[in-house]
């Protein structure tokens, strides 16, 4: 994986496979209000043109019960919306199946190849050691390409930290939308989601980079999760950026190039499409509540909010 923070916001949609919604206790508790941010600021924006508006919420895909109930301003806007738009509608069984198929197609090594043979020996030894300490069967990773193995280790590490996808903002709101009869719109296809995080290089160079940085930072996960949760609950975009941009000082030129390519696929290309979707909702006068990973809204370069402002739309933060 690239580093744990981006995966937290982008890659971990994969671990929603098989999740059709939040448990009733989480979904029901989200109906009322709290989780205040200083000055009333959340990762929450109203985007308007001359005669319509769309709400835009930055999500975290993993959370816990302390994120709920949501603040009144978020809850009220959601209740009044006709549609919920998410990165991908994983409350739909067909979409779940499509994501699973795309993941298997892109994430499994060819016959005769195994992960321990693909990776440098030191990287594999680190994986073996971590899996042993977690009592996690390392054999389950053996047929995976490095990027998928990295994603899997990230999911396990984050769940061990006590947070899970059932409390993810997206999942809770999808569950509420389905219960309340709201239409759920996907901003991306399963193929686009998997393509954004998979390694298209047959040498698995980006996937190996994911793994190396993942293994280095797993020891810092508790601190990163604590900071991320505090950033979301307080609307602190500087803190969120700090977590997201935590790069090693000794990164090589080749690693920096890989990171730039990953950022282009994972964020910049997708930000452009997300901004176009929001602008289209406004042009069609649709009453939509949009939820995407918070990183897409606050990272400094070409984020969705910035792109919408450049289109001449009115953008207000709440």
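No lab work stands behind these numbers, since they all come straight from the coordinates. Since the model is a prediction, treat every value here as computed from it, not as a measurement. Cβ sites come from the backbone with ideal geometry, for glycine too, and all protein chains shown count toward neighbours.
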Checklist entry - For 243, 304, 156, 54, what ranking results if the residue with the fewest other Cβ atoms within 10 Å of its Cβ goes first? => result 156, 243, 54, 304
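Go through 120-126, 41-47 and give me the packing order, highest mean Cβ count within 10 Å leading.
Going from most to least packed, we get 41-47, 120-126.
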Next on the checklist: P(r) for region 262-301, please, calculated from all Cα pair distances in 10 Å bins and given in %.
Outcome noted: 27, 50, 22, 1
Item to check | Ascending count of other beta-carbon atoms within 10 Å, so fewest first, for 158, 169 | outcome: 158, 169
Item to check | Semi-axis lengths (Å, descending) of the ellipsoid that matches the C-alpha gyration tensor of region 58-192 | outcome: 35, 19, 10
Item to check | Cα gyration tensor shape for region 181-318, rounded if a/c is under 1.5, else prolate or oblate | outcome: prolate
Checklist entry - Arranged by the count of other C-beta atoms within 10 angstrom, fewest first, what order do 105, 286, 176 take? => result 105, 286, 176
